[in-house]
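Undergrad: Sharing a structure below in structure tokens format, with a few things to ask.
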Protein chains: 2
Amino acid sequence: MTSDPYGLARVVGEPGVLPQRAARLDPSLPIRSDEMLIDVESLNVDAASFRQIRESCGGHPEAVVERIQEIVRSRGKLQNPVTGSGGMLLGKVREIGPSHPAHGNLKPGERIATLVSLSLTPLVIDEVRGVRMDVDRIDIRGHAILFASGIWSRVPDDMPETLVLSALDVCGAPALVARYAQPGMRIAVLGAGKSGALCLAQAHRSTGGKGQLLALDISEKALATLAELGVSDLSLRVDATRPVEVLEAVKKATGGALCDLVVNCATVAGTEMATVLATRDGGTAIFFSMATSFTAAALGAEGVGKDVTMLMGNGYVPGHADLTLDLLRTDARLRVFFAGRYL
Amino acid sequence: MTSDPYGLARVVGEPGVLPQRAARLDPSLPIRSDEMLIDVESLNVDAASFRQIRESCGGHPEAVVERIQEIVRSRGKLQNPVTGSGGMLLGKVREIGPSHPAHGNLKPGERIATLVSLSLTPLVIDEVRGVRMDVDRIDIRGHAILFASGIWSRVPDDMPETLVLSALDVCGAPALVARYAQPGMRIAVLGAGKSGALCLAQAHRSTGGKGQLLALDISEKALATLAELGVSDLSLRVDATRPVEVLEAVKKATGGALCDLVVNCATVAGTEMATVLATRDGGTAIFFSMATSFTAAALGAEGVGKDVTMLMGNGYVPGHADLTLDLLRTDARLRVFFAGRYL
């Protein structure tokens, strides 16, 4: 029985507004019975937010630290007022309210990462211990509060921390693929980045090698690196902003059948139609790209008379963190892929 | 066997670009073997496009006609360069190529409406016969070309034409509801406009009266009109841009269970979180509102840790026109509802 799962009572002066949209949160202690208190060790700032802060501070580490402290002091959370984005944190559980869903599961002292954005997490910084300009991270001493609806993951100690954080950042994608991928399916993944790699690895697992897995990207180099994972059957070098080019390539690769499932992990805008056209009639497309335009997808599919089930990639799928960490744990090549890109 | 289902060969000077994105189409005759030729009677201009043209012409009908002719002359299609939108047309089949999928089904002389946008339909205006400023329509003599992928619907003669066109405009919504609504479900529809009314009518049919149907809108008057349809169990007057208010109302109405299916037919922006919060964990949300923000929905669901399947409302679902016309044909109150709003 939780009475305030979304943390509305922490919003200052704007009744009925959710914490993410609120100007200011109250991060004061003690916690309520349905909250969790975390001793924070480091803040992984969202890449877009960190870049904005760094550039507005002329690249000076001290100025970056000061700006971050200023935001947290005035807002009670680390939400960059320019980009609107936050990041995630790493820390140790200090206390779990008796009504919090993790009560009895997590214990004080355990290390966790929060998988909800810092843009909605009450936070106090007591001391800054260091800043790592290269990985958008600051190490601090302070506390944060997690609501009952706030998702988290234990940080395993059998893998490098940076690897874990980098994978958890996109863990919703492979977990949603696991729901839709079935043996025998033809599946295409657009975008050979870390999200695309995890989706392909999961598709490979879900299809049990029965089916056809296509990796699509504009970069020959990215495709070559991805191919080393050994999870895709074919790499197609295409420009996903050119739908007809993608259609022809996928048509050829699938003997005209097109794909049962197309997963969009592109980082650029304008890839909606390529996704729709690569999907067979009656098939499913999942959009994870944050550059996705709702109207381009909805009106585009109608324009070409294509019956495609189009899913918005919800970043939360129950069990997504464990599923993703398990993919990494059991696949050495996937760990190498991540290490090469992000460590 | 169709060789050019998307009409790429009609695009002038931009190889590989789809007709909707193209600056100019070639509407010249004769048609190719996989095309259909239509004698156009009237053009129903998209509301946003018509408003822009009307305002830029100071409201003068002659100037509006001239501007539309100018667009069609220069682009070979009626796509407003400012709004990017088109509309739909009404006409009689003149000729059907032997490789067009409608060959053998439709006959020359039959009246049809096209359900793909005028923004991708090759068009020539020979003569303008009249303009109806009140319903965004111009009557013409001319021809249009439909590609193999272009969807259309016969215009039945047992219902007023304006009613038919108005319903066909949103026919994808009830058809998608028909795929997901099941007896016993709790279903909420946000937005009491024509799209919302059709979705509720279909939900009522799909659930067979077993379940719970909620109509949500900000306007007491709109809800009262909708209630006369007799298809919803309860009307909730809420502001869908205030997610917590919607959550509380839906929670109360459903005894805390929330909804298995939430259908967003809102016309305003900022209703994503209300949709997500009104849906139960494991439930489904369908977004038809063209004001939907992809990132607000995807990041919002993650922020509150909600496992909701989020679908983008594809405007094309096989059989959508017949399903919608059948809803109108068998429900006199629905016809009255539409007549009151749009005739």
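Undergrad: Suppose we filter the range A:84-134 for residues that are farther than 26 Å from A:L18 by Cα and in contact with a helix residue (DSSP H, G or I) (Cβ under 7 Å, 6 or more places away or on another chain); how many remain?
TA: 3
Undergrad: Here is a further query. What residue, of A:T292, A:T324, A:T271, A:T241, is surrounded by 21 or more Cβ atoms within 10 Å (Cβ to Cβ), more than 15 Å from A:I187 (Cβ to Cβ), free of Cβ contacts under 8 Å to residues at least 40 places away in the same chain and β-branched (V, I, T)? Steps first, answer last, please.
TA: On the way: A:T324 fails: free of Cβ contacts under 8 Å to residues at least 40 places away in the same chain; A:T271 fails: free of Cβ contacts under 8 Å to residues at least 40 places away in the same chain; A:T241 fails: surrounded by 21 or more Cβ atoms within 10 Å (Cβ to Cβ).
After ruling out the rest, the residue left standing is A:T292.
Undergrad: Does B:R242 satisfy being basic (K, R) and either out of contact with any Leu (no Cβ under 7 Å at 6 or more places or on another chain) or at the interface with chain A (Cβ under 8 Å from one of its Cβ atoms) (or both)?
TA: On the way: basic (K, R): yes; either out of contact with any Leu (no Cβ under 7 Å at 6 or more places or on another chain) or at the interface with chain A (Cβ under 8 Å from one of its Cβ atoms) (or both): yes.
Here the answer is yes, as B:R242 does meet what is asked.
Undergrad: Just a yes or no: is a residue in the range A:182-190 in a helix (DSSP H, G or I) and surrounded by fewer than 19 Cβ atoms within 10 Å (Cβ to Cβ)?
TA: Just the residues of the range A:182-190 that are in a helix (DSSP H, G or I), to begin with: none.
Within the range A:182-190, not a single residue is in a helix (DSSP H, G or I) and surrounded by fewer than 19 Cβ atoms within 10 Å (Cβ to Cβ).
Undergrad: Going through A:E95, A:E62, A:E66, A:E35 one at a time, which residue ends up being touching a Lys or Arg at 6+ places or on another chain (Cβ under 9 Å) and at pLDDT 95 or above? I'd like the intermediate steps shown before the answer.
TA: On the way: A:E95 fails: touching a Lys or Arg at 6+ places or on another chain (Cβ under 9 Å); A:E62 fails: touching a Lys or Arg at 6+ places or on another chain (Cβ under 9 Å); A:E66 fails: touching a Lys or Arg at 6+ places or on another chain (Cβ under 9 Å).
Residue meeting the stated conditions: A:E35.
Undergrad: Something else now. Of all residues in the range A:33-66, count the ones that are in a helix (DSSP H, G or I), open to solvent by 20 Å² or more (accessible area, probe 1.4 Å), within 14 Å of chain B (Cβ to nearest Cβ) and in contact with a strand residue (DSSP E or B) (Cβ under 8 Å, 6 or more places away or on another chain).
TA: Let us first name the residues in the range A:33-66 that are in a helix (DSSP H, G or I), namely A:47-56, A:61-66.
Restricting the remaining residues to those that are open to solvent by 20 Å² or more (accessible area, probe 1.4 Å) gives A:47-48, A:51-52, A:54-56, A:61-63, A:65-66.
Cutting the leftovers down to within 14 Å of chain B (Cβ to nearest Cβ) gives us A:48.
Filter once more, so that each one left must be in contact with a strand residue (DSSP E or B) (Cβ under 8 Å, 6 or more places away or on another chain): none.
Counting residues in the range A:33-66 that are in a helix (DSSP H, G or I), open to solvent by 20 Å² or more (accessible area, probe 1.4 Å), within 14 Å of chain B (Cβ to nearest Cβ) and in contact with a strand residue (DSSP E or B) (Cβ under 8 Å, 6 or more places away or on another chain) gives 0.
Undergrad: Touching a Phe, Trp or Tyr at 6+ places or on another chain (Cβ under 7 Å) and either free of Cβ contacts under 8 Å to residues at least 12 places away in the same chain or part of a loop (DSSP other than H, G, I, E, B) (or both) - does that describe any residue in the range B:23-32?
TA: Our first condition is that a residue be touching a Phe, Trp or Tyr at 6+ places or on another chain (Cβ under 7 Å); within the range B:23-32, this holds for none.
No, that holds for no residue.
Undergrad: State all residues of the range A:295-315 that are open to solvent by less than 10 Å² (accessible area, probe 1.4 Å), touching an Asp or Glu at 6+ places or on another chain (Cβ under 7 Å) and within 7 Å of another protein chain (Cβ to nearest Cβ); if no residue qualifies, say none.
TA: Residues satisfying the conditions are A:A297, A:K306, A:N314.
Undergrad: Sticking with this one: Name the single residue, out of those in the range A:77-128 being within 12 Å of another protein chain (Cβ to nearest Cβ) and part of a strand (DSSP E or B), that is most open to solvent (accessible area, probe 1.4 Å).
TA: Filtering first and then ranking leaves A:M88.
Undergrad: How many of the residues making up the range B:208-222 are within 23 Å of the chain's Cα centre (by Cα), modelled with pLDDT of 95 or more and either over 20 Å from B:V244 (Cα atoms) or part of a strand (DSSP E or B) (or both)?
TA: As a first pass, look at the range B:208-222 and keep what is within 23 Å of the chain's Cα centre (by Cα): B:213-219, B:222.
Now restrict to residues that are modelled with pLDDT of 95 or more: B:213-219.
Cutting the leftovers down to either over 20 Å from B:V244 (Cα atoms) or part of a strand (DSSP E or B) (or both) gives us B:213-217.
Going through the range B:208-222 one residue at a time, the tally reaches 5.
Undergrad: Do you know which of the residues in the range B:21-32 that are open to solvent by less than 60 Å² (accessible area, probe 1.4 Å) and within 14 Å of chain A (Cβ to nearest Cβ) is farthest from A:A296 (Cα to Cα)? Walk me through how you get there before you give the answer.
TA: So the first thing to find is which residues in the range B:21-32 are open to solvent by less than 60 Å² (accessible area, probe 1.4 Å), and the list is B:22-23, B:25-28, B:31.
Pick out the ones that are also within 14 Å of chain A (Cβ to nearest Cβ) and you get B:22, B:25.
Numbers: B:A22: 15, B:L25: 20 Å.
It comes out as B:L25.
Undergrad: Looking at A:L277, A:L327, A:L323, A:L299, which is the one that is closer than 25 Å to B:G84 by Cα, at pLDDT 95 or above and of a type outside the set (D, E)? Even if it seems obvious, please write down each step before you answer.
TA: Numbers: A:L327 fails: closer than 25 Å to B:G84 by Cα; A:L323 fails: closer than 25 Å to B:G84 by Cα; A:L299 fails: at pLDDT 95 or above.
So the residue among A:L277, A:L327, A:L323, A:L299 that is closer than 25 Å to B:G84 by Cα, at pLDDT 95 or above and of a type outside the set (D, E) is A:L277.
Undergrad: A further question on this structure: Would you mention how many residues in the range B:1-31 are charged (D, E, K, R) and under 14 Å from B:P101 (Cβ atoms)?
TA: The initial filter retains those residues of the range B:1-31 that are charged (D, E, K, R), namely B:4, B:10, B:14, B:21, B:24, B:26.
From the residues that got through so far, the ones that are under 14 Å from B:P101 (Cβ atoms) too are B:4.
The qualifying residues number 1.
Undergrad: Just for the range B:245-261: of the residues that are open to solvent by 20 Å² or more (accessible area, probe 1.4 Å) and free of Cβ contacts under 8 Å to residues at least 60 places away in the same chain, which one is nearest to the other protein chains (Cβ to nearest Cβ)?
TA: B:E245
The values are calculated or read from the model by the stated rules, or taken from the named source; none is laboratory data. Predicted model, so just to flag it, every value in this text is computed and none were measured. Here Cβ is always computed from backbone atoms with ideal geometry, including for glycine, and neighbour counts include all displayed protein chains. To get the accessible areas, we keep the full protein, side chains included, count just its heavy atoms, and leave off ligands, DNA and RNA. Shrake-Rupley method; radii C 1.70, N 1.55, O 1.52, S 1.80 Å.
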